[in-house]
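To start, the structure itself, in structure tokens.
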Amino acid sequence: MPGSNGSNSKQPPSAAVNLIAGGGAGMMEALACHPLVRMQLSRRARQPGAPKRGFIKTGTDIVRKETALGLYKGLGAVLTGIVPKMAIRFTSFEAYKGWLATPSAVPGGAPTVSGRATFLAGLAAGVTEAVAVVTPMEVVKIRLQAQHHSMADPLDIPKYRNAAHAGYTVIREEGFGALYRGVSLTALRQGTNQAVNFTAYSYFKDWLKQFQPQYADTNLPSWQTTLIGLVSGAMGPLSNAPIDTIKTRLQKTPAEPGTSAWTRISSIARDMFKQEGFHAFYKGITPRIMRVAPGQAVTFTVYEYLKSKLESSNLSLVAGKYEE
């Protein structure tokens with residue numbers, strides 16, 4: 001892999017830049033891709049023996065039964081956690097990458113970040129975001145999405161009215177620890193996702209910059225960022241689909257008294273294999289890739305764009321002060 005940032009003397013973006021750029025990118029990702037999450041979970045909830053539903057048919061049924069707003073069920077939980085999630089992801093990744101970088105042999109030169117360092121930084125960033133915000137956010141989101149009620153019927157009152165109410169109800173009925181059900185699997189999924197994602201994205205980005213020297217010190221064109229974000233985003237789900245499938249089933253239901261998390265994980269995996277076969281571990285992989293890959297394309301494109309604008313604005317302000 002090319003030495004990531006090895007020839008680039010730009011300082012890493014500040015925490016404030018990561019917060020604004022990452023949060024804006026995450027919001028755009030959620031708005032664009034959340035309906036795909038809803039359709040993915042609805043397909044998984046198909047009753048045994050029922051006719052197999054296609055992806056489009058699933059979405060059509062949701063709109064017919066629950067109105068178009070049904071496609072955005074659970075969006076509140078996503079939007080509530082998206083800003084800290086993206087801030088933690090990009091800020092921690094840059095921090096870990098800086099700690100793992102090899103100091104430059106040239107005085108004043110930029111440190112070199114190897115492919116291994118990028119992978120480890122992505123892994124650590126994924127685990128950090130999973131523990132800090134992703135796990136409780138996903139427990140609430142999955143509970144909201146998994147409940148069956150019609151948004152078109154005012155008399156059909158759901159158990160969880162919104163993200164805040166879902167979080168409160170889960171804590172009241174099951175304890176605060178319920179929000180961290182599946183944290184080990186979530187950390188493993190997020191860690192592998194971001195390790196693969198950042199490594200692939202950094203490789204493609206460095207390769208394109210070497211191939212196009214005119215972009216060595218500037219951002220790549222947005223269409224290229226979108227393309228490499230799309231490709232790198234598809235690699236994560238393929239690497240950890242079984243983890244994600246087991247995690248979703250674990251978080252979907254309340255805990256069983258006297259049963260440890262690892263016992264439930266083993267039971268879920270064993271039952272899936274016995275009753276549904278090996279392919280069950282990859283159930284929903286197509287809609288997940290359809291959601292995650294475009295989501296990463298949106299995230300990286302918007303993040304790079306906003307980061308560039310924010311850094312240029314900051315540099316302009318600093319230059320203005322010196323001119324005064």
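Here, each number is a calculation from the coordinates, and none is a lab measurement. Source: prediction; values computed, not measured. Neighbour counts are summed over all protein chains in view; Cβ atoms, including those assigned to glycine, are modelled from backbone coordinates with ideal geometry.
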Taking a crude spin-label model, label points 7 Å out from Cα along the C-beta direction, the Thr67 to Arg270 distance in nm is 4.6
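Counting only other residues whose beta carbon sits under 12 Å from that of Asp271, what net charge do I get with K and R as +1, D and E as -1? The partial results should precede the final answer.
Numbers: positive: Arg249, Arg264, Arg270, Lys274; negative: Glu276.
Residues near Asp271 contribute +3 overall.
Would you tally the net charge around Asn240, using a Cβ to Cβ cut-off of less than 11 Å, leaving Asn240 out, and scoring K and R as +1, D and E as -1? Working shown, then result.
Working: positive: Arg189, Lys247, Arg288; negative: Asp244.
Residues close to Asn240 contribute a combined charge of +2.
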By the C-alpha gyration tensor axes a ≥ b ≥ c (rounded if a/c is under 1.5, else prolate when a/b exceeds b/c, else oblate), the shape of the stretch 84-124 is oblate
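Efficiency by 1/(1 + (r/R0)^6): what FRET value for Gln214 and Thr286, r their Cβ-Cβ distance, R0 = 25 Å, to the nearest 0.05? Please list the in-between numbers first.
Numbers: r = 38 Å, r/R0 = 1.50.
That gives a FRET efficiency of 0.10.
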If the chain between Ser260 and His165 were fully extended at 0.36 nm per residue, the gain over the current Cα-Cα distance would be 31.6 nm
For Ser14 and Ile157, extending 7 Å from Cα along the Cα-Cβ vector and measuring point to point gives, in nm, a value of 4.9
Placing each pseudo-label 7 Å from Cα in the direction of the beta carbon, Leu238 and Ser312 end up separated by a distance in nanometres of 3.5
